[in-house]
Amino acid sequence: MSDEFSRRQFAGLAGLSALGLTAPALAAESAANPVAAASFPDGFVWGTATSSYQVEGAVNEDGRGKSIWDTFSHTPGKIEDGSNGDRANEHYHRYKGDVQLIKDLGAKAYRFSIAWPRIFPDGTGAANPKGLDFYNRLVDELLANGITPYATLYHWDLPQALQDRVGGWRSSDTSKAFGDYAGYVAERLTDRVRNIFTVNEVGRFLYFGYGLGIDAPGLTLPDAEVNQARHHVALGHGLAVQAIRARGRPGTRVGFAENITACVPAINTPENIRATEMATREFNSGFLGVVHEGKYTEGFLQYARAAAPRFTAEELKIISQPIDFVGLNIYAPQYYIVATDRAPGWRPLPMPASFPHMNSEWLRIAPEVIYWAPRIAAKIWNIKDIYISENGTSGEDRIHPDGQIYDLDRIMFLRNYLTQLQRAIAEGAPVRGYFLWSLMDNFEWIFGYGKRFGLYRVDFETQARIPKLSAAFYRDVIARNAIGV
Ligand code: BG6
């Protein structure tokens, strides 16, 4: 088989030289006739993303308190490869080198998260100035290298003390503590950090952590309590927005990053597109919807019935304060939708088991999701500024005998998703930037170090970072501000 392949390959090469197309000739040809490239708007923000617990390590340094992910990852059986984030990428100490990795890509933006238990080891009360110092150093290093910082305040590492004391997001005390933490950080960082994401992926951490028990804190609560906890997260977001506006520099831009329950029309008829818009609104009522509409939809409340969250009008007002942008984390579509004659007018289709996926089984390959999700979100909630706050894929990432990682699967994935994103923007979707997940391989939550999402491969023994071929691909996209089509 491999003989056959190399013979075919050889025949191909021989054919090219017969045409006079040797390598230099091919290069000249392509310079004269460059591959068509679809451009992104001027000023489009190209970045990469990471999060605190996934890369920092140094969990016991400089007064950091414990987070729920420390506890969870140290609980036997919770992480597939039995690992934890104690050391992770040692980014806490290696951040200067990591900033150079971003710079080498030509990326002008970096989305990182702040570990709440570094700032308030006990969740509330006395702050730990040494914790904030790390982010001061990181932000200064980014700015010195021409990279704009985008900070996320909550990427899942809740102070364990809050979980122990009040049950984490089960209590609105955590929402209030989050507001205070947000204000404290805003006061000290917004002279340099002009863009803040409050929370990351409510749609995942809440249900997986409080309903399914597969993320920290590992609870399996009844629906009513899950819905109440989600409401407290929304309230925490609103209180954080208020605190940032009150205590941050004027003009600080605030939003959040959500893994929108992404719906795609099964076939692009006007009826299905309309049905997909309705489905998107209903499926996302618990966070994206209530934040934008200041109310839960009738459909959401009817479906939840007795399990619906309890709330006051005052809380809904806090939750739905105006924000400056929305971050959408886009990976796989959740549902393909068709229109129906019967109420509610839409129906999700069952997903065939043979639907193709990437190295992570959950990551179904559907580039059209990054076309539809921002377009539909912008339309139903009248959003003016969207960032793709995460997109990317895991891959096998084997090291070839020559020391290189030829991650053609990741390049295929990115090329197709970026092509669809460009198409959405060209048709008017208000997407202002794109943060690739991830800058480097890291601690992928329940998968431990078994799933690699980075543009740089990380050897977790030696901490060496090696650029994969996809790093060169992304560098080329950024340099041209365009994607070859
Ligand atoms: C998102 C998260 O869910 O996707 C990231 O915001 C995460 O933190 C990424 O690393 C990949 O997900 P997973 O579950 O495969 O690690």
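The values are calculated or read from the model by the stated rules, or taken from the named source; none is laboratory data. Bear in mind the structure is a predicted one, so any value in this text is a computation, not a measurement. Neighbour counts run over all protein chains shown; Cβ positions are idealised from the backbone, glycine included. Please note that ligands, DNA and RNA were not included when accessible areas were found on the heavy atoms of the full protein model with its side chains. Shrake-Rupley method; radii C 1.70, N 1.55, O 1.52, S 1.80 Å.
Whose amide H sits under 5 Å from the amide H of residue 482, counting only residues 5 or more places off or on another chain, with H placed in the peptide plane?
40
Regarding region 349-393, what's the average projected area of the Cα-atom convex hull, expressed in nm²?
One quarter of the hull surface, i.e. the mean projection, equals 4.1 nm².
On the Cα set of region 95-221, report Rg and Dmax in Å, please.
Considering region 95-221 through its Cα atoms, Rg and Dmax are 15.7, 46 Å.
Send over the semi-axes of region 16-484's equivalent ellipsoid, whole angstrom and largest first, taken as the square roots of 5 times the C-alpha gyration tensor eigenvalues.
34, 29, 21
Order of 152-158, 393-399 by packing, highest average Cβ count within 10 Å first?
Ranking the peptides 152-158, 393-399 by packing returns 152-158, 393-399.
May I ask you to rank 440, 278 by accessible area, largest first, using a 1.4 Å probe over the protein chains only?
I get 278, 440, largest accessible area first.
Once R0 is set to 30 Å, what does the formula 1/(1 + (r/R0)^6) return for the Cβ-Cβ distance between residue 461 and residue 220, expressed as a FRET efficiency to the nearest 0.05? Don't skip to the answer; put the middle values down first.
Working: r = 36 Å, r/R0 = 1.19.
The formula returns an efficiency of 0.25 here.
Given 130/451; 103/384; 96/130, which pairs have Cα atoms separated by over 20 Å?
130/451; 103/384
If I compute solvent accessible area with a 1.4 Å probe over the protein chains, what percent of it on region 16-484 is carbon and sulfur?
On the way: 9750 of 18570 Å².
The nonpolar share, carbon plus sulfur, comes to 53 percent.
Using unit Cβ charges (K, R positive; D, E negative) and no other charged atoms, how large, in debye to the nearest 20, is the dipole of region 274-375 about its Cα centre?
Computed charge dipole of region 274-375: roughly 220 debye.
As an exercise, identify the GluC sites (Glu not before Pro) in region 425-485 lying in DSSP coil whose Cβ has no more than 15 other Cβ atoms within 10 Å.
427, 461
Mind pulling the angle between the C-alpha long axis of helix 369-381 and the longest principal axis of the chain? Nearest 10 degrees, somewhere in 0 to 90.
Here the helix axis deviates by roughly 40 degrees.
Using alpha carbons only, how many degrees (0 to 90, rounded to 10) separate the axis of helix 469-480 from the longest principal axis of the chain?
90
Translational diffusion coefficient of region 132-204 at 37 °C, 0.692 mPa s, Stokes-Einstein with Kirkwood Rh over Cα pairs, in µm²/s as a whole number.
Once the numbers are plugged in, D ends up at 242 µm²/s.
Which value, in debye to the nearest 20, describes the size of the charge dipole of the chain about its Cα centre when Lys and Arg Cβ atoms bear +1, Asp and Glu Cβ atoms bear -1, and nothing else is charged? Provide the component values of the computation, followed by the final result.
On the way: 50 positive and 53 negative charges, 196 e Å.
About 940 debye.
Each residue of region 309-319 in turn: what ³J(HN,Hα) in whole Hz from Karplus with 6.51, -1.76, 1.60 and θ = phi - 60°, glycine and Pro shown as x?
Values per residue, Gly and Pro as x: x, 8, 7, 10, 4, 4, 4, 4, 5, 5, 4 Hz.
If you split all Cα-Cα distances of region 58-98 into 5 Å bins from zero, what percentages do you get per bin, shortest first?
5, 22, 24, 23, 15, 9, 1
Could you pull out the trypsin sites (Lys or Arg not before Pro) across region 274-312 that fall in loop regions by DSSP (anything but H, G, I, E, B) with no more than 12 other Cβ atoms inside 10 Å?
Filter output for region 274-312: 310.
Calculate the tail of P(r) for region 275-378: the fraction of all Cα-Cα distances greater than 17 Å, expressed in %.
Working: 3340 of 5356 pairs.
For region 275-378, the share of Cα pairs beyond 17 Å comes to 62 percent.
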